[in-house]
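Q: Here it is, the structure, as structure tokens.
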Amino acid sequence: MRQHFVNDDEPQDEHLGSLVRGTTFPGCMKAPLPSVKPQAGKLGPRRDGAFRSSILCQVRPGRFILMLTATLEQIQTSPRKRTIYVCVILTLLVAMLVFKAFRFFEGGLWYGSQTADFAAFHIVAQRIWLGDLDLTYQFSLFLKMQIAAAGGPTGVMPWTYPPQFGLLLAPFAFLPGWAAYFLFTTVTLAAYLATLRTIAGNNFAQVLVVFFPAIAITIAGGQNGLLTGALIGLVCINAERRPALAGIALGMMVIKPHLAIAAGIYMLLMRRWPAVLTAAAVVVGSSLVCTLVFGPEIWIAWLGSIREAAGYLEEGRYQLFRMISAYAALYNAGVPAAGAFWGQMAMAGLALVAVALAVARGPSPRFALGVVAVASVMISPYAYDYDLPIVGIGLALLLPDLATLASPRERGAIYGLILLANAYGLLQSARLAAENADASGLERYAMPAVGGFALMAVLAMLLWLLLRDAKPAAVRLHGEPA
């Protein structure tokens, strides 16, 4: 960790005293700093270590937040900058996708200690054609399937997705694992980026920078976060003018229904009855198809897997450090499972309150839909970092109004918290991969679920923006550094 020292014998920046005097940040000294009179181009000798520490403590948080705001918002100041950033990020994402597909081609979906989630998707696709999809919902049997496919002990993934997702995966059974991964991830990545580009407009590059880690970890595992992000994005794009199309996209979220609760509540509050009825028709129709294809017993098997998954969650047997829910954050912080559950219920309630407030007093329908997208990942205790592309849709919707509703410090705090939630799981997964840690040894790593705390803070800031009086930014920010 790099440390910074103050040398009393070297010239100091004369602006330092005026910059920090009277400025305080959370966790630092509350009293204003005493005036220091410079002499001969130097600040006077400062032998008091507490004084020096207080200066560093008071300068850095605020300046860092302002620097983060300026850095991210400068991206969209010119078309050339936006183009460069977009091209670089898209090149990195495509390179990662090709690299992962090549690794899967070379060593199979089960190579190494960090098994791709898409390996479980491919097994499910194959079991559909074997006629025993219901067996995948029994964790003990699905574990044996994964071990058999891997040829030995491996990381496992319980199966709790609704049968509709199985139907979606069925065609991929006819492709080799690497080709199925490449096709699934390429299509969902293209759909997500096209949807995000439509919503973000000139802010596309900025959102890509913030959410690059979440998109990268979704690509690495072959997860479905890009698909659900695209679907929620389509709901938001069509909510106002094409409610039937919004309803179709909302109904397709039956593959991950816990992420569609906030959008459903929004449609009800806004009385978008065509969207609500269309979504209900999609859910009912797809459920009938699954009943005809798999038999009515498939629903009993699915509900049984959900009960078993709840037990796994209560025992902390998932990779909680990659989860972004309040439950995971509290549980990994030492709160008992029951207390973490009630904390999750409270956070879910606050998320729905934020949706209602955004509808009632938000500055625009766009801002309200942005709050909906952010709230979508905060309702269920089961939410991972690969679900964060939905929050990317939310940030793209929020940005135009944040420019006037929030100060630079507030915007920087929101950017920083979201970036922390995005990057934490990716960095920890990379560390585990570098240390060759397998699934059975994760208990040795006591890692907090930082993403959950970060998103809780983001929700608190959105509630604050919705509750306080909306004033022009120029009036509210008078006297603050630019």
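Q: What do you reckon, is LEU277 free of Cβ contacts under 8 Å to residues at least 24 places away in the same chain, open to solvent by 70 Å² or more (accessible area, probe 1.4 Å) and not acidic (Asp, Glu)? If you could, list the steps in order and put the result at the bottom.
A: Numbers: free of Cβ contacts under 8 Å to residues at least 24 places away in the same chain: no; open to solvent by 70 Å² or more (accessible area, probe 1.4 Å): yes; not acidic (Asp, Glu): yes.
The answer is no for LEU277.
Q: Can you tell me which residues in segment 280-332 are of a type in the set (Lys, Arg) and either under 30 Å from ALA423 (Cα atoms) or open to solvent by less than 60 Å² (accessible area, probe 1.4 Å) (or both)? Steps first, please.
A: First, the residues of segment 280-332 that are of a type in the set (Lys, Arg): 307, 317, 322.
Answer for segment 280-332, where residues must be of a type in the set (Lys, Arg) and either under 30 Å from ALA423 (Cα atoms) or open to solvent by less than 60 Å² (accessible area, probe 1.4 Å) (or both): ARG317, ARG322.
Q: Among the helices (runs of 4 or more DSSP H) contained in segment 237-335, which hold 1 or more residues that are over 23 Å from the mean Cα position of the chain (by Cα)?
A: Numbers: elements: 243-252, 261-269, 273-294, 297-314, 326-332.
Answer list for segment 237-335: 243-252, 261-269, 273-294, 297-314.
Q: Quick one: in segment 377-393, of everything that is in a helix (DSSP H, G or I) and touching a Leu at 6+ places or on another chain (Cβ under 8 Å), which residue is modelled with the lowest pLDDT?
A: ASP385
Q: For segment 440-460, what are the residues that are open to solvent by 40 Å² or more (accessible area, probe 1.4 Å) and either at pLDDT 95 or above or part of a helix (DSSP H, G or I) (or both)?
A: Going residue by residue through segment 440-460, those that are open to solvent by 40 Å² or more (accessible area, probe 1.4 Å) are 440, 443-446, 448, 453, 460.
If the condition is that a residue be open to solvent by 40 Å² or more (accessible area, probe 1.4 Å) and either at pLDDT 95 or above or part of a helix (DSSP H, G or I) (or both), then SER440, GLU443, ARG444, PHE453, ALA460 are the ones that fit.
Q: Any residue at all in segment 65-85 that is without any contact (Cβ under 8 Å) to a residue 40 or more places away in the chain, open to solvent by 80 Å² or more (accessible area, probe 1.4 Å), hydroxyl-bearing (Ser, Thr, Tyr) and over 21 Å from ALA214 (Cα atoms)?
A: Yes: segment 65-85 contains one or more residues that are without any contact (Cβ under 8 Å) to a residue 40 or more places away in the chain, open to solvent by 80 Å² or more (accessible area, probe 1.4 Å), hydroxyl-bearing (Ser, Thr, Tyr) and over 21 Å from ALA214 (Cα atoms).
The values are calculated or read from the model by the stated rules, or taken from the named source; none is laboratory data. Note that the structure is a prediction, hence the values are computed from the model and not measured. When we count neighbours, we look across all protein chains shown, and the Cβ atoms used for this are built from the backbone with ideal geometry, even at glycine. Just the protein is used for accessible areas: all its heavy atoms, side chains included, with ligands, DNA and RNA removed. Shrake-Rupley method; radii C 1.70, N 1.55, O 1.52, S 1.80 Å.
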